[in-house]
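The values are calculated or read from the model by the stated rules, or taken from the named source; none is laboratory data. None of these values were measured; they are calculated from a predicted model. Backbone-built Cβ (ideal geometry, glycine too); neighbour counts: all protein chains shown.
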Amino acid sequence: MKICDLCGKREASLSVRQLDKEGRATELAICAECAKKRGFTSVEDLKKNAAEILAELKAKVGEQDETRVCPRCRLSYADFKKSGRLGCAECYRTFAELLAPLVRRLHGSVQHVGKGRQRGRKRAQERLELARLRAELEQAIQDEDYERAALLRDRLKRAEGEGAS
Amino acid sequence: MNLVPEKVGAWLSDTGPEGDVVISTRVRFARNIEDVPFPGRMKFSEAELVLDTVHWALEESGYLKEGKFFEPGMLGQDDGLYFVERHLASPDFIASRSPRGLFVSTDERLSVMINEEDHLRFQALAAGLDFATAFKLAADLDERLETQLEYAFSEEFGFLTACPTNLGTGMRASVFLHLPALVLTREIEKVLRGAYAVGLLVRGIYGEGSETRGNLFQISNQRTLGQSEAEIIEVLTSVSRQIIDYERKAREYLMHNLRVEIEDKVFRSLGILRGARIISSDEATNLLATVRFGVILGIINELKMSEVSQLLVLIRPANLQVIIGEKLTPAERDERRATFIRQKLVR
Ligand SMILES: [Zn+2]
Ligand SMILES: [Zn+2]
């Protein structure tokens with residue numbers, strides 16, 4: 001009879017592969033009760049699990065890291081730990097080394113495998129870019145920031161020219 | 001709003017491969033647009049821009065000809081729930097207040113949520129165990145959208161998503177299983193544990209959390225990073241095949257050893273459905289699932305499996321209201337539900 005590695009009391013009924021902080025795989029024998037506690041049962045539980053992992057990581061992350069802020073969306077690492085959600089693509093670059101251990105524990109890996117990104121002309125994206133520039137230009141005129149408005153108008157003209165070519 | 005009352009998507013009105021055990025297969029992708037904050041952090045104006053941009057991208061890709069686009073104003077609580085019950089949108093999406101949109105193809109095989117937790121969440125549904133069809137549909141949509149949109153991506157983490165649990169492929173693949181014999185023979189625990197052990201996620205469908213109704217289960221991949229799309233699907237397919245095999249053996253066992261008891265359970269369920277004057281959606285779901293089991297086993301011959309499967313969706317509160325064509329109180333609903341089921345099942 002195999003004893004549960006977690007509680008050391010009950011009989012183990014399943015084995016789970018787990019990765020430690022260094023990324024080494026270990027086999028764990030776990031009893032049904034502990035499995036339930038560790039959240040192997042549902043999406044809700046998976047989220048809970050992620051929250052636990054975050055709490056553990058908190059201990060390792062210094063004060064400075066806590067207040068680090070994404071330059072694009074202004075999300076701080078502390079914000080992320082509260083919500084479990086990143087704010088934008090830039091967040092992944094800003095917090096890369098803080099996220100790596102979490103990602104490894106969630107997925108057992110930190111290296112994407114599979115389909116890559118297609119490069120090429122993205123017409124909808126060009127439209128989006130133009131709409132954003134126009135909105136910014138309008139805002140600049142409203143703010144009577146004419147220097148910025150002139151700059152934006154030039155960028156807009158250039159972008160429109162590229163779109164038409 | 002122009003909702004289709006009694007027609008249910010192709011993925012439910014057909015019986016696909018291994019349809020006696022697997023009701024449907026789903027492949028979902030999460031994607032975000034580069035250079036715009038994720039929905040949780042974006043400004044109202046940015047949400048509107050994303051909505052407009054994706055709408056345009058869908059139009060350019062030719063998809064809008066094949067379905068309908070629902071704008072935020074059309075996605076109120078009641079109508080929104082209709083899509084949730086049909087597995088075309090998530091509860092979070094319906095509850096969200098930011099500008100959002102939903103595209104649903106005419107056959108309901110494809111749907112796209114815009115500005116849910118990620119800018120784009122799209123899925124393909126296929127009847128039975130059919131990852132080939134579901135994956136192809138979803139991957140084609142992905143490719144056609146990608147000629148229009150620049151996705152947020154990193155070489156290391158793959159497709160970038162608001163929640164780190166969806167990183168990498170951004171793909172969640174799942175099967176909806178009907179496992180009455182494994183539940184009756186109490187083998188189900190063993191099966192589910194086996195699935196967890198190989199890194200899959202199991203939960204009941206039509207239920208909150210992990211509670212199951214009607215012996216219906218959903219199995220999906222837990223990890224999205226470090227495995228390719230093909231590898232993820234391979235694991236799910238092989239585990240599904242084992243479960244199908246196991247369920248069929250359990251059915252054989254029951255029919256050999258407990259035939260009368262099973263017949264009794266099936267005919268009692270059908271009897272209640274044919275006689276009830278008031279019925280909740282929970283009770284109806286459980287009874288319909290048992291009737292479906294009876295049809296599969298050949299105990300009931302006058303009903304088709306797909307008709308019963310469709311009823312599982314049509315009797316849910318929001319769908320029932322669309323069929324009846326008016327807003328009902330819960331008590332009225334239970335009464336009208338019973339009438340509706342009687343009309344469908346009495347031959
Ligand atoms: Zn234990
Ligand atoms: Zn950010």
Point to revise | Hits in segment B:12-46 - residues which are within 13 Å of chain A (Cβ to nearest Cβ) and not in a loop (DSSP other than H, G, I, E, B) | key: B:VAL27, B:ARG28, B:PHE29, B:ALA30, B:ARG31, B:ILE33, B:PRO39, B:GLY40, B:ARG41, B:PHE44, B:SER45, B:GLU46
Check your understanding: Taking into account only those residues within segment A:85-136 that are over 30 Å from B:SER45 (Cβ atoms) and of a type in the set (A, V, I, L, M, F, W, C), which is farthest from ligand 2 (Cβ to nearest atom)?
Key -> A:VAL113
Practice item. Would you be able to tell me the number of residues in segment B:142-154 that are more than 7 Å from every other protein chain (Cβ to nearest Cβ) and either touching a helix residue (DSSP H, G or I) at 6+ places or on another chain (Cβ under 7 Å) or assigned to a loop (DSSP other than H, G, I, E, B) (or both)? Key: 1
Point to revise | Residue among A:ASP20, A:ASP5 that is surrounded by 13 or more Cβ atoms within 10 Å (Cβ to Cβ), at pLDDT below 90 and more than 14 Å from ligand 2 (Cβ to nearest atom) | key: A:ASP5
Check your understanding: Among the candidates B:GLU261, B:GLU252, which residue alone is of a type in the set (Asp, Glu) and within 19 Å of B:LEU177 (Cα to Cα)?
Key -> B:GLU252
Review point. When you look at B:ASP264, is it more than 30 Å from B:THR329 (Cβ to Cβ) and either acidic (Asp, Glu) or part of a helix (DSSP H, G or I) (or both), yes or no?
Key: yes
Practice item. Could you tell me whether any residue of segment A:73-84 is at the interface with chain B (Cβ under 7 Å from one of its Cβ atoms) and either away from ligand 2 (no atom under 16 Å from the Cβ) or at positive phi (or both)? Key: yes
Review point. With respect to the numbered conditions (1) in a helix (DSSP H, G or I); (2) of a type in the set (S, T, N, Q); (3) farther than 27 Å from B:ILE232 by Cβ, which one is the sole condition not fulfilled by B:SER98?
Key: (1)
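Take B:LEU312 and tell me if it is among the aliphatic types (A, V, I, L, M), at pLDDT below 95 and within 20 Å of the chain's Cα centre (by Cα).
yes
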Review point. Looking only at segment B:273-305, which residues are under 19 Å from B:ALA318 (Cα atoms), in contact (Cβ under 8 Å) with a residue 60 or more places away in the chain and in a helix (DSSP H, G or I)?
Key: B:ASP282, B:THR285, B:ASN286, B:LEU288
Check your understanding: Which of the residues spanning segment B:47-83 are more than 8 Å from chain A (Cβ to nearest Cβ), more than 30 Å from B:ILE219 (Cα to Cα) and in a helix (DSSP H, G or I)?
Key -> B:ALA47, B:GLU48, B:LEU51, B:HIS55, B:GLU59, B:LEU64, B:LYS65, B:PRO72, B:GLY73, B:MET74
Review point. Mind checking which residues of segment A:91-119 are assigned to a loop (DSSP other than H, G, I, E, B) and charged (D, E, K, R)?
Key: A:LYS115, A:ARG117, A:ARG119
Check your understanding: How many residues does segment B:203-223 hold that are within 7 Å of chain A (Cβ to nearest Cβ) and at pLDDT 85 or above?
Key -> 2
Check your understanding: For segment B:155-190, which residues satisfy the criterion of being in a helix (DSSP H, G or I) and within 12 Å of another protein chain (Cβ to nearest Cβ)?
Key -> B:PRO164, B:THR165, B:ASN166, B:GLU189, B:LYS190
